[in-house]
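Single-structure report; data block below.
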Amino acid sequence: MESIVYGIVTASIILLGSVGFSMTLNAENFINIAHGQMLLLCAYITLFLNAYMSIVPAAIIGILVTGVFGVLFYKVFYRPIKKRGAMVLLFTSVGLAYVINGVVGTIFGTTTFAYKIPNVKEIIPGMTPYQLLIIIAAICSTLFLHYFLTKTKIGKAIRAVSENSDLAKTRGIDTKRTSNYVWFIASSLAGLSGVFLGVIGSIHLEMGWNQILIILAATVLGGLGSIYGVMAASVVIGLSMELGVLMIPSYYRLAIAFAIIIIVLLIKPDGLQSLWNKSGKRVA
Amino acid sequence: MLTGTALFLSSILTLAAIYAVIALALNLEAGVDGLWDLGVVSFVAVGAYTYTMLTVSPASAGQSYIMGFGLPMWVGVLAAGIAGSIVAFLIGKPTLKLKNEYFLITTFAFAEVIRQILTNERWLSNGVAGVYNLAQPFKTYFTPSVYPYILLLLLVIIVFIVYVVVHRLTYSTFGRSLKALRENEPLALTAGIRPDRFHIRAFVIAGFFAGTAGAFYVWYSTVITPSLFTSDITFFVWMAIVIGGLANNKGAIVGSVIFVLAGESLRFLDLGSGFAVRMASMKIAILGLILIAILKWRPQGILPEKKVKFSNSSKNS
Amino acid sequence: MNKWLKLTGILILALALVISLGGCGTTTEETAGGDTINFGYSSGFTGDMAPWAEPVVNAANAAIDEINAAGGILGKQVVLYAEDNKSGVEGSVQAATKLLSVNKCTVILGPESDPIMALQSFAKENKIPVIGTQCGTSALDAIGGTGNYLWRTSPSDSFIGICEANVVKNTMGIDKVCIMYENTEGSTSAAESFTHNFEALGGTIVNTIVMSSNQSSYSSEIKKAVDSAPQLLYISTGQVVANTLLKEIYQKSIEIPLLGTTELQNDELVAAVQQAAVGLMSVRVVENEDSTGWDRFVELYTDKFGVAPMAGYYQSNSYDATIIAALALAAAGENTGEAIENKLSEVANPPGVKVGSYADGIAELAAGNDIDYEGASGPCDFNEFGNVNGPAVAVMEVSSDLKWVQTQKIDATGF
């Protein structure tokens, strides 16, 4: 039973990191490796601000600033080369990931840090108020994103652009504007996830690299193009890690997760989304 | 100063040559064929461990690993290649039907699982402690001050051989078929090219060369530990072929050399030991900028692929 | 083909430019060539070992400043070249090659466990002593020492393991321990050494839990540990895992005593996890009688860098290695790796006049006396394999006001 709680907490952390990533992947068709470093960037900006104010305002400012950075990075680095294809974009984002990581390392140094926050006790086994917040944040951000993309005008425009950007343009949708929204929201969500990682663990230079791989895995396992797929994938990975260690030595925690990913993809080559989404097969 | 720099340069170039072998292998499957393989390091790891386990002497007290037959190096290198291709076959057989991103993450997952096994199964690989003080080829014939050049020469020859083989493959009917599949699969199908058979062949051949590269990597590092085989190698080699020019074999070599040189020559940016730690982070940022700059101004890579003639126009996005 | 040639040309030019630029930056040293003595420092400035990087390089620089203030070595100033080994084997080979061939260093200080093991044949063939300052691996227990060019001023995990096992079994009277370690080289080696020695003393390891690095939660692992009903949890992890693990142990209100490895003895960890660190114990090697080495170093380091050094950051080991190398060079009177190698044991070990600083050391050497350097990290006496042991261990504990305090000092000569 406790393991299920642990699994849900782990799943929420993965989900929180992955929603923003899957948004840029869906809307811009772009595997953004620098997404992991946006987590890191926000964690460190918040850390800096936390020296002058309490964690909540620090995190809010940090997240907004990270969102702005996201838009900026898009305009400076990605938009000019958007026509050059997925590979060029992907490796440009790797380059940018190095730049962010390097600059943060140069400014803050290489030691590990933590926020000034009170220590808390578990309210039920496996869950402190912080973890509860993470679960709520993960669910809310997913619901928000879903609502935003399906119900709001700008959200619908984003989806139209992601399906066919030329057609969207002819319909008079301002693709530049929709892109700005995408990058702001995706980067802010990355930032939120980065702050939470700092809250439950520590802030260090490797945190972005560690996260991006599991984020990539969850997003692909979910099936590209599906927010619910990412949600399902996060739960599958989270639960398989925590339930898996009951049976298999804990050092295989990650290996279990990856083994499950392999098995699922061999059975369902289009990811978990194909379980309910029979027709909407994205042509890769 | 000059001889010292030359010595350091030869050490860097040796490393670049090893990466070039992996890059050539990856280029065949990822560039010529269009496979998004994010697990190429698994072939390198399996090759390296196969080579080591076959060529070292049996495990001594406090160590534990399988085999330790003390076989000659060339047997080890060959076995490393074969092991690499066996792993490629085993991974490729079920996964090659997957599309781009899904294939990417599955191969990545396999590489992680393999590394976890090497890390945790002590009886197999001596675990995280690894195996130390491994032999280098022809070492006994030369003085230590000359040896780095000999190792470099040996690897340059190896890169040349691998290049010739991969180059011939690329421009053979086999290579053309791969490119046809990459550019327009439905059309290739009508021409009677069966994707599954061609993909697995490309994958297995890449596995072979990447496997041998594992052995060369052990020559260079003289140590083997699971931590050598993280996804860093995969990313690195991918970057090398992308900046060198995807599907161009010379590009794979040039990309490897440039990327290693760019990274290592930054060591000469020295502001004194008081700033060394912060500078190390700064250098990562500079390397990132170099990568971004190359991709911006040479998006097809430094040496773009030479278009082979297809009867119908290719659809490049 | 023409293009190909042109590119290669550009490439070589670019490299030459970078190298010459780098050369310009350090013209004063380079043109002088033989006018300075160059020491190398290789450590992980990026990657997993990065949290230790700044403290250890700072400590080495503090030592270099002292040496130069005392007139340098053999009348020459010492320059420290610090290179990033990227916390790994490949980077270690590159860093060492550069330090040796480009910077003409005659000694390399600093490498951690995996990085130093990659230099085993490199050091011997190139006759350049490599002195680890933050490496505990048991693999180095019997391969170093004079003629093998591998040394270390940080105690081996084997020795620390004996001390920890003795403290836990005999001093604390605990029989049942659960081990939790991260599956990296450094952490594994420490945990295995403790296990081996604790069982040899008749203790029982009720469970051994191996943890993957960088997980966001270790709840399942902690549950397994608690279920095995140990009297003490032995924790061997890096900084990042320790942060998460200690927080979670606290959150679960687990009252089992905790013993961490020496690496966890640092103020950042305590500052990061706050109350969760209270009661965390750790063992470190110290001098037997009330030696002033550590206190002197604390003062010196704090003055210079504004923070106090911690045993878990290995600053004292880094400082000592630098001083010992300098003294060995001074004693040898010749700036070659081989000369330093042959004097390392002699200046650090008894017999000889006990000296606690570089200035005292060269004064005694000038007077024609044999010296025995007593350092900040302990007596710094190398055994035949280039390892250091200590005469005593201190048990450190995080007090309720979040400070590391020494609770006990135990004679280790009988271990």
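The values are calculated or read from the model by the stated rules, or taken from the named source; none is laboratory data. Quantities reported herein were computed from a predicted structural model and do not represent experimental measurements. No Cβ is skipped: glycine too gets one built from the backbone with ideal geometry, and neighbour counts run over all protein chains shown. The protein model used for the area step is the full one, side chains on, heavy atoms only, and it has no ligands, DNA or RNA in it. Shrake-Rupley method; radii C 1.70, N 1.55, O 1.52, S 1.80 Å.
Tabulated results
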quantity	calculated
With every protein chain in place, segment C:260-403: carbon and sulfur % of accessible area (1.4 Å)	48
Theoretical gain in end-to-end length, B:Leu271 to B:Phe142 [0.36 nm per residue, Cα-Cα removed]	42.8 nm
Residues listed by number, segment A:201-239, amide nitrogen under 20 Å from C:Leu402 label point at 7 Å toward C-beta	A:201-204
Sequence-separation-based contact order of chain C, relative, with Cα cut under 8 Å and 6+ spacing, percent	16
Gyration tensor (Cα) of segment A:133-284, equivalent ellipsoid semi-axes in angstrom	31, 21, 13
Orientation-averaged projected area, Cα convex hull of the protein assembly as shown (nm²)	38.6
Relative contact order (percent, whole number), segment A:1-89, Cα cutoff 8 Å, 6+ residue spacing	23
Label zone at B:Val164 (point 7 Å along Cα-to-Cβ), backbone N below 17 Å, segment B:14-53	B:21
Separation between Cα centres of segment C:135-171 and segment A:74-134, rounded to whole Å	38
Hits among lysines - C-alpha to C-alpha of A:Lys268 under 19 Å, sequence gap 8 or more where chains match	A:Lys278, A:Lys281, B:Lys93, B:Lys97, B:Lys99
Amide N proximity, segment C:230-254 versus C:Gln275 label position 7 Å along Cα-to-Cβ, cut-off under 14 Å	C:247-254
Where B meets A: accessible area buried, both sides, 1.4 Å probe, Å²	4000
Highest average packing first - B:186-197, B:16-27, Cβ atoms within 10 Å	B:16-27, B:186-197
Normalised convex hull volume, segment C:163-295, alpha-carbon set, Å³ per residue	112
Computed [θ] at 222 nm, helices only, for the protein assembly as shown once each DSSP H run of length n ≥ 4 contributes -39500 (n - 2.57)	-19000 deg cm²/dmol
Trypsin sites (Lys or Arg not before Pro) restricted to DSSP loop in segment A:38-137 with at most 16 other C-beta within 10 Å	A:Lys116, A:Lys121
Selection of GluC sites (Glu not before Pro), segment C:298-391, meeting DSSP coil and at most 16 other Cβ within 10 Å	C:Glu334, C:Glu384
Kirkwood Rh and Cα Rg combined as Rg/Rh, segment A:211-273	0.97
Segment B:65-141: mean projected area of Cα convex hull, nm²	6.7
Amide H contacts of C:Val283 (H built 1.01 Å from N, under 5 Å, at least 5 apart or other chain)	C:Thr262, C:Met396
Area buried, chain A against chain C - accessible surface, total, 1.4 angstrom probe, square angstrom	3000
Mean Kyte hydropathy of -0.5 or more with a Cα span along the axis of at least 24 Å, helices from DSSP in chain C	C:2-25, C:50-69, C:315-332
Within straight-line cross-link reach of C:Lys76, lysines at Cα separation under 16 Å, skipping those fewer than 8 residues along the same chain	C:Lys104
Segment B:48-103 and segment A:141-184: distance between their alpha carbon centers, rounded to Å	48
Qualifying lysines (Cα of each under 18 Å from Cα of C:Lys247; at least 8 residues distant if same chain)	A:Lys116, A:Lys121, C:Lys223, C:Lys224, C:Lys403
Interface size B-C, as summed buried accessible area [1.4 Å probe, Å², nearest 100]	4300
Per residue value of the accessible surface for the protein assembly as shown (all protein chains in place, 1.4 Å probe), Å²	35
Relative contact order (%) - segment A:164-284, alpha-carbon pairs under 8 angstrom, separation at least six	20
Amide proton proximity set for C:Ile37, modelled H, under 5 Å, gap of 5+	C:Gln77, C:Val78, C:Val79
Chain A: DSSP helices with Cα axial extent of at least 24 Å and average Kyte-Doolittle hydropathy no lower than -0.5	A:2-28, A:55-73, A:86-108, A:129-151, A:175-200, A:227-247
Chain B: C-alpha gyration tensor shape, a/c 1.5 cut-off, then a/b vs b/c	oblate
Amide H within-cut-off set for C:Leu109, under 5 Å, with H built and near neighbours excluded	C:Gly40, C:Tyr41, C:Ser42, C:Ile131
At least 27 Å along the helix axis (C-alpha) and Kyte average at least -0.5, DSSP helices within chain B	B:2-26, B:73-95, B:100-120, B:147-170, B:195-221, B:276-297
